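What follows draws every value from the coordinates through simple rules; no lab data is involved. Given the structure is predicted, the values throughout are model-derived calculations rather than measurements. When we count neighbours, we look across all protein chains shown, and the Cβ atoms used for this are built from the backbone with ideal geometry, even at glycine.
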Amino acid sequence: MSKKIIVTGGCGYIGSHVARAFKQNGDQVVTIDRVYREHTLKDIDGYHIKDFSDDSSLSAIYNFTPDVIVHCAGTSLVGPSMDNPGEYYDNNIAKTIKMLNVVKDFSHRPVIMFSSSASVYGEPDRVPIDEYSDIKPISPYGSTKAMTERILQDYWGAYALTSMCFRYFNAAGA
């Protein structure tokens, strides 16, 4: 059965591949990203070139009535997060909360698939790392990913907003 999928950050590396995978599965896919990369939008059903938390983007999400929101939008570099943590807390936390506060009130609530990061683990106590390893981020980037995972747990408890988190190590290459 075909599903309606929104991919935030759909022009980025992970987002564009996720969007294509859903599209190849026969799903209807719309991406939202603040950048435009034509090659990532090939065969995608639609796109919205704005920040995912922009009122017009939130309206587009509402009007599309997605079954799933794959949330890949976010500021994503460890080093720069140390120099400018405010950008990371604003983009990765404040804007995500803004989106979730809209989505939680939908009559048809989508599942949120969150693109997290293995940076939530920080310096691991043991290797190999598994999903039960301690969460001890050592950068603002890792902290924002860990916080968003916690926020999603709290939104499940308060609003029954279903979510899942995917923690990536190196998504591509060394």
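The table below lists the values:
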{"read-out": "Reduced Cα scattering model of the range 35-120, Debye log10 I(q)/I(0), q = 0.11, 0.13, 0.18, 0.21 Å⁻¹", "value": "-0.35, -0.49, -0.91, -1.16"}
{"read-out": "Peptides ranked, highest mean first, by Cβ atoms within 10 Å: ranges 55-64, 4-13, 77-86", "value": "4-13, 55-64, 77-86"}
{"read-out": "Computed over the chain, Cα set: Rg, Dmax in Å", "value": "15.8, 46"}
{"read-out": "Rg over Rh [alpha-carbon atoms, Kirkwood Rh] for the range 97-145", "value": "1.14"}
{"read-out": "Inter-label distance for V35 and S2, nm, one decimal - labels placed 7 Å from Cα along Cα-to-Cβ", "value": "3.0"}
{"read-out": "Acute angle (nearest 10 degrees) that the helix 13-24 long axis makes with the longest principal axis of the chain, alpha-carbon atoms", "value": "40"}
{"read-out": "Relative contact order (percent, whole number), the chain, Cα cutoff 8 Å, 6+ residue spacing", "value": "20"}
{"read-out": "Extension gain (nm, one decimal) between H108 and D154, 0.36 nm per residue minus Cα-Cα", "value": "14.7 nm"}
{"read-out": "Kirkwood estimate for the range 1-73, i.e. one over the average of 1/r between Cα atoms, Å", "value": "11.6"}
{"read-out": "Those lysines that a straight Cα-Cα span of less than 24 Å connects to K136, excepting residues fewer than 8 apart in one chain", "value": "K95, K145"}
{"read-out": "Cα-based reach from K23 at 19 Å (exclusive), listing lysines while leaving out same-chain residues under 8 positions away", "value": "K3, K4, K42"}
{"read-out": "Helix 140-159 vs. the chain, principal-axis angle (Cα, 0 to 90°, nearest 10)", "value": "60"}
{"read-out": "Cα→Cβ-extended label distance, 7 Å offset, between H17 and K42, nm", "value": "1.6"}
{"read-out": "Between helix 55-64 and the chain: long-axis angle, C-alpha atoms, 0 to 90°, nearest 10", "value": "60"}
{"read-out": "Counted charge near F22, where neighbours are those whose Cβ lies closer than 13 Å (Asp, Glu -1; Lys, Arg +1)", "value": "0"}
{"read-out": "Length-normalised contact order of the range 111-172 in % [C-alpha pairs under 8 Å, at least 6 apart]", "value": "48"}
{"read-out": "Alpha-carbon spread of the range 63-162, three principal axes, descending order, Å", "value": "42, 30, 20"}
